[in-house]
Amino acid sequence: EGSVVTWAVGMSGAPRSAVLITTRGARVPLARAANGDYVGTLRARESALYRLELPDRTLDFHQLAVHPDAAPAVVILRPAPRSVIARGASRVVPLEALVRDDYGVTSAGIVATVTSGEGESVRFRERALTFSARRRANEGTRFSVMVNLDTLGMAPGDELYFHVQARDTRRPPNVGRSETVFLALADTGTA
């Protein structure tokens, strides 16, 4: 959906005109290119049948199948979906997400919520975090950042919930999101 489809039709002879006509009413005039092919483009918005019309004949119908654009698929690769950071362990956690989209990805960000306290005195702080690195990979785009839990103001017993949101290059953009990941700092208190 929204892709630009280009036809390049090779023909023997040089017809005065060549036009692709869709069952949705679109007319795509084909212009002769330097290599002799007849070329035309159409922005595909919906499925249709089309046929080539020449001055002396009309050819059979063919199908143009247009599939709706899906939101980006977002998977968090690191850390594990549920993690507890042990006492004395590093409070700098690597976060890596893989984003796949047929249009391409413009941006990805992290929506994080830190919870502190217990029972009725639980406090919630929401933060937007950014990725520090982005690289193309065969399977999509990888985003990564090292998240410093101390910088987020986390103390033993606090928890961090986050998910990743990504936008594609479509206008208006589609937005996809990952599953929520849970990180906790082990409580140093004794029962």
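What number goes with the only condition from (1) in a strand (DSSP E or B); (2) open to solvent by less than 70 Å² (accessible area, probe 1.4 Å) that Glu126 does not pass?
Tallying (1) in a strand (DSSP E or B); (2) open to solvent by less than 70 Å² (accessible area, probe 1.4 Å), Glu126 fails exactly one: (2).
Suppose we filter the stretch 79-104 for residues that are in a loop (DSSP other than H, G, I, E, B), over 16 Å from Asp150 (Cα atoms) and either within 15 Å of the chain's Cα centre (by Cα) or among the small types (Gly, Ala, Ser) (or both); how many remain?
5
Residues Leu30, Leu49, Leu20: which one is in contact with a Ser or Thr (Cβ under 9 Å, 6 or more places away or on another chain) and open to solvent by less than 60 Å² (accessible area, probe 1.4 Å)?
One residue alone meets the criteria, Leu30.
Check off (1) in contact (Cβ under 8 Å) with a residue 12 or more places away in the chain; (2) of a type outside the set (Ser, Thr, Tyr); (3) open to solvent by 70 Å² or more (accessible area, probe 1.4 Å); (4) under 30 Å from Arg45 (Cβ atoms) for Glu179 and give me the number that stays unchecked.
It is condition (4) that Glu179 fails.
Starting from residues that are open to solvent by 30 Å² or more (accessible area, probe 1.4 Å), of a type in the set (D, E, K, R) and in contact (Cβ under 8 Å) with a residue 60 or more places away in the chain, keep the ones in the stretch 138-170 and report whichever is nearest to Arg91 (Cα to Cα).
The selected residue is Arg142.
Do we have Val39 as open to solvent by less than 60 Å² (accessible area, probe 1.4 Å), over 30 Å from Pro156 (Cβ atoms) and either hydrophobic (A, V, I, L, M, F, W, C) or out of contact with any strand residue (DSSP E or B) (no Cβ under 6 Å at 6 or more places or on another chain) (or both) here?
Judged against the criteria, Val39 is a match.
Identify, by number, the condition in (1) within 15 Å of Val75 (Cβ to Cβ); (2) part of a strand (DSSP E or B) that Ala184 doesn't meet.
(1)
Residue by residue through the stretch 52-70, note down the ones that are open to solvent by 50 Å² or more (accessible area, probe 1.4 Å) and of a type outside the set (D, E, K, R).
Listed by number, the residues that qualify are Pro55, Thr58, Leu59, Phe61, His62, Gln63, Ala65, His67, Pro68, Ala70.
The values are calculated or read from the model by the stated rules, or taken from the named source; none is laboratory data. Note that the structure is a prediction, hence the values are computed from the model and not measured. When we count neighbours, we look across all protein chains shown, and the Cβ atoms used for this are built from the backbone with ideal geometry, even at glycine. Remember, those area values only see protein heavy atoms, side chains included, never the ligands or the DNA or RNA. Shrake-Rupley method; radii C 1.70, N 1.55, O 1.52, S 1.80 Å.
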